[in-house]
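This report concerns only the one structure given below.
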Amino acid sequence: MPWMECSTMSEKREFVRLASQPGANVRALCRSFGVSPTTAYKLLSRFQTSGEDGLRERSRRPSSSPSKTDEKLVEVVLAIRDETHWGARKIARRMRDLKHEKVPHPSTIHSILDRSNRIEAAANEEHHIWKRFEHELPNDLWQMDFKGWFAIGSGTCHPLTIVDDHSRFCLCLQACPDQTANTVEQRLCRVFERYGLPWRMTMDNGSPWGDDGTRRLTKTTAFLVRLGIRVSHSRPYHPQTQGKDERFHRTLDQELLKWTTFRDLIEAQRKFDPWRDRYNLDRPHEALGMAVPATRYQPSPRQMPALLPPIEYESAAEVRKVDKYGYIGFHNRKVRVGRGCSGYPVAVRPTVDDGIFDVFFCHHHVVKFDLHHAGIG
């Protein structure tokens, strides 16, 4: 299929950004984006020659002119600010990326914004210096969460977000009607088909990926485990564990939600999509040395399978099927495994301690239990 009709330009921009990364598998990207290699290499050639102007179907115009006056330069700065709500350093970097011949120093841009009443009084007080940690490679870890819901004209919107820990690339920004397992699984399948599978995903302890704080598998996390993805959870009351996704939510608030209202989920998604493109492809990120996330991200080589793999265990394991209430029977005892595994087989393996066993679902350790304990589960 050709470029998606809903956002042809943004599809092309994302494709060439990812395909231009060192070691990128261009033919795999062609399959993900549904374009022929001939079209893709032609597009890459135009991008390398003319930049993003080469991706446009209509006539191109220069992003800057030698005859621009200082007043016109102020207009450029304010136009970027009004469109993005970015600060002075990001605006300066964006103007350089757009190859403006004259780019003011960030302090000058800040003065322009200040004189034009574009800076809120409390804005400077919100800046903090954080000690940052990141995984070494893209797709080592994805952070997933729901942004707090908000009212729209026809109900509520629950934004589902996924951010790559290494690159800060936003893999998912979806306007969802609820926070159910089915809704999440549908969106995850789309993300996995486009970007491949990560090695690990982390999320908080709430629904639909938390089980009352017990960290037993839910329907959603069991689905991830079956795909060979390792799952982990943030510590209760410690949002720092999800720090990059939490920071993404704050940016989403400041640059879009604070200024926008939505009639319904369709309109919300129509406004989410271009903002996500800007965040990934245009917005300089201070934690990345003012680079944009797309320059640090590559899709995963681990492709989404057409069918979930079968659940198999070694012959030495004692295999039990989890009942609809989330329990297994073992040596005349009932052991709680969790409803997320209902209907599936699990492996029971002895530990080095007499009478103590581990329960695994695929590669994931679910629970440890003592056979001599009177109340298991």
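A few notes on this one:
- Of every Cα-Cα pair in the range 142-295, the percent that sits beyond 27 Å: 20 percent
- Of the two radii for the range 71-126, the radius of gyration is 0.94 times the Kirkwood radius, both from the alpha carbons; that is the Rg over Rh value.
- For the range 279-364, the Kirkwood estimate of hydrodynamic radius, built from reciprocal distances between every pair of different alpha carbons, is 16.7 Å.
- Set of the range 335-369 residues, backbone N closer than 11 Å to the point 7 Å along the Cα-Cβ line of Tyr325: 335-336
- Tail weight of P(r) past 12 Å, computed on alpha-carbon pairs of the range 5-55, percent: 60 percent
- About the Cα centre, charge dipole magnitude for the range 5-55 (Lys/Arg +1, Asp/Glu -1 at Cβ), debye: 200 debye
- Per residue of the chain, the DSSP helices (runs of n ≥ 4 H) give a summed -39500 (n - 2.57) that works out to -10000 deg cm²/dmol at 222 nm.
- Folded to 0 to 90 degrees: helix 8-19 orientation relative to the chain principal axis, Cα: 70 degrees
- C-alpha long axis of helix 181-195 to longest principal axis of the chain, angle in °: 60 degrees
- Of the residues Pro350, Thr38, Thr84, the one whose Cα sits farthest towards the positive end of the charge dipole of the chain is Thr38 (charges of +1 on Lys and Arg Cβ, -1 on Asp and Glu Cβ, taken about the Cα centre).
- Taking the average, over residues, of other Cβ atoms within 10 Å as the packing measure, peptides 324-335, 153-164 rank 153-164, 324-335 from highest down.
- Between Thr161, Gln269, Leu256, the Cα set farthest toward the positive side of the dipole of the range 142-295 (charges on each charged residue's Cβ, about the Cα centre) is that of Thr161.
- Angstrom value of the Kirkwood radius, inverse mean 1/r, which spans all Cα pairs in the chain: 23.4 Å
- Based on C-alpha pairs under 8 angstrom that are at least 6 apart in sequence, the chain has a relative contact order of 14 percent.
- Simple point charges give the picture: +1 on the Cβ of Lys and Arg, -1 on the Cβ of Asp and Glu, and for the chain a dipole about the Cα centre of about 740 debye.
- Degrees separating the helix 243-255 axis from the principal Cα axis of the chain, which is the longest one: 40 degrees
- Projected over all directions and averaged, the alpha-carbon convex hull of the range 318-370 occupies 3.3 nm².
- Alpha carbon centroid spacing (whole Å) that separates the range 86-106 from the range 298-321: 48 Å
No value in this document is a laboratory result; all are computed from the given coordinates. Here the structure is a predicted model, which means the values were calculated and not measured. Backbone-built Cβ (ideal geometry, glycine too); neighbour counts: all protein chains shown.
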